[in-house]
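Following: one structure in structure tokens, then a few remarks.
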Amino acid sequence: MRSQKGFAHSAPGYYRQQQGHAAILFALFIPILFGIFTLGTDGARAVQDKARLAEAVEVASLAVAGAGSDDKTLAKAYIQDYFPYAEVNDSDITISKINCENNASCQDSEQRFFEYQVSAKIHQPTWFPGNETIVGFGENYDVASGAVSRKYHAETVDVVLVADFSGSMAWPWSGKYGTGEIRYVVMQDIIRTISDELESFNDNIKKAKKNKLAVVGFDYFTARDTGGSLDYFSHLICSGSPCRIYTQCRRWSRWGCRNWAWVRPGDENQPVDSIESVNNIFNYNHAAHHPIDMPNRLNRWSVSTFYDIELTSDFDDINSKVSQFSIRQSAISGTASYSGIIRGAQIAAQGDNPRRLIILLSDGKDTYSDTTDKLIEAGMCSKISAHLNSLNVDGEPVKARMTAVGFAESETIPPQMESCVGTDNVFSAQDKDAIVNKILELITEEIGHLAP
């Protein structure tokens, strides 16, 4: 009994001795508990940010599809708006554009589409980075996501390709003395690819209206096939008459002319009446649109071969005719995009689809760029756009757009085209596939849709 009493009296002292151990154990568990808290907090943020980034990338992909662009700056702006404190690097954003021919999903679809795949990764600063004592995610944690948008070819469209067939288009891709395919041969391949794609679009259309394509070639002039011979048109007025090409003697001697020179539209000896020309773009009976007489001195065997192919859905016929086009260096092999634009606008005005698209394909600035500037200042581009968009088809207003795509070397994009069609409608492309993709983007529907 005495020993039991002794045990009873000593128990409170024993518990008092153990209280200090509990405090030490609690102190040891504090970093672990706080680490669990920090991991849980930043982990929950990471899960939430994953969901928010998925939404941000979806919005970015729609924006990219709507703009028809692969510009990372646009996608980055949307993502950064969702995550103002995160680090978003250009190298962490990927934009891939895939046309229907290279997309198995599109091949099996009833509607053809152009697909934009956007993926992004952000570096988000943590709230509790951790240290040597407390566990954490570090200064940043990474979150990644992706989204896919599609632009469907829903509406039929009239496409007018205004194609440069000037002398420089007979150069190799990389320049006059460079290497690579001949530029106008690449142009022919591009036209064939676009016509084949439009034919595929038409195969899936059940309504009466079909996609149509037209081709307008140009150098200093456009040409029209009259059945065995070609008529040439400048579509400009010079001193009350159609601007033309002729020879002029620059130096006479007693033995006759010692220096014959070619005078072309825009030359200082044949200035263009820009206001008269612009005011009569759609006045088809005006003298500006009468065929010109070619000078006898011109070696017709050296003149390039191309001519207007008006809007049609007979794509085999287009391909057959374009394959016969050729470029030869001659006195009329310079560049006058304005003649092609004016003729392209006239053909677009005669279309029967509500959507009209004029695409200029050129490898360099116009020979007489001052003439281009004067025509633009006189309202050439704005009046073309206003006229086309004032039209309607069966009560439906026409939606017309003019664009320019730089061919071959990107630095040779005609600088005046920005003031003509607008900065957002001028594009550069480094190879044939990039040009085809850009044209197909322009043809497809304006609005993007998230892929299912």
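The values are calculated or read from the model by the stated rules, or taken from the named source; none is laboratory data. Owing to the predicted nature of the structure, the values given are computational and were not obtained by experimental measurement. Cβ atoms come from the backbone with ideal geometry, glycine included; neighbour counts cover every protein chain shown.
Look at Val64 and say whether it is part of a helix (DSSP H, G or I) and modelled with pLDDT of 85 or more.
No, not satisfied.
What's the total number of residues in region 276-318 that are in contact with an Asp or Glu (Cβ under 8 Å, 6 or more places away or on another chain) and assigned to a helix (DSSP H, G or I)?
So the count comes out to 2.
Among the residues of region 240-275, how many are hydrophobic (A, V, I, L, M, F, W, C) and either without any contact (Cβ under 8 Å) to a residue 24 or more places away in the chain or not assigned by TED's automatic domain parsing to the domain that holds Cys381 (or both)?
6
Any residue at all in region 267-276 that's modelled with pLDDT of 90 or more and closer than 26 Å to Leu161 by Cβ?
Checked against the condition, which is being modelled with pLDDT of 90 or more and closer than 26 Å to Leu161 by Cβ, region 267-276 yields at least one hit.
A quick yes/no check of all residues on (1) in the same structural domain as Gly351 (by TED's automatic domain parsing); (2) surrounded by fewer than 21 Cβ atoms within 10 Å (Cβ to Cβ); (3) within 35 Å of the chain's Cα centre (by Cα); (4) hydrophobic (A, V, I, L, M, F, W, C):
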{"residue": "Ser277", "(1), (2), (3), (4)": "yes, no, yes, no"}
{"residue": "His290", "(1), (2), (3), (4)": "yes, yes, yes, no"}
{"residue": "Ser304", "(1), (2), (3), (4)": "yes, no, yes, no"}
{"residue": "Thr312", "(1), (2), (3), (4)": "yes, yes, yes, no"}
{"residue": "Ile318", "(1), (2), (3), (4)": "yes, no, yes, yes"}
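Please enumerate the residues belonging to region 180-237 that are in a strand (DSSP E or B), basic (Lys, Arg) and surrounded by fewer than 18 Cβ atoms within 10 Å (Cβ to Cβ).
Arg224 - this is the single residue of region 180-237 that is in a strand (DSSP E or B), basic (Lys, Arg) and surrounded by fewer than 18 Cβ atoms within 10 Å (Cβ to Cβ).
Which residue pairs have Cβ atoms under 9 Å apart, sit 6 or more places apart or on different chains, and have a first residue in region 207-230 that is at positive phi and of a type outside the set (Lys, Arg) and a second that is at pLDDT below 90 and part of a loop (DSSP other than H, G, I, E, B)?
Once the first residue is at positive phi and of a type outside the set (Lys, Arg) and sits in region 207-230, no partner that is at pLDDT below 90 and part of a loop (DSSP other than H, G, I, E, B) comes close enough.
Given the condition modelled with pLDDT of 95 or more, farther than 21 Å from Ala404 by Cβ, surrounded by fewer than 21 Cβ atoms within 10 Å (Cβ to Cβ) and not basic (Lys, Arg), answer yes or no: does some residue in region 351-372 qualify?
no
Select from region 72-101 the residues that are among the polar types (S, T, N, Q) and in a helix (DSSP H, G or I) and write down the one among them that is farthest from Gln124 (Cα to Cα).
Among them, the one singled out is Thr73.
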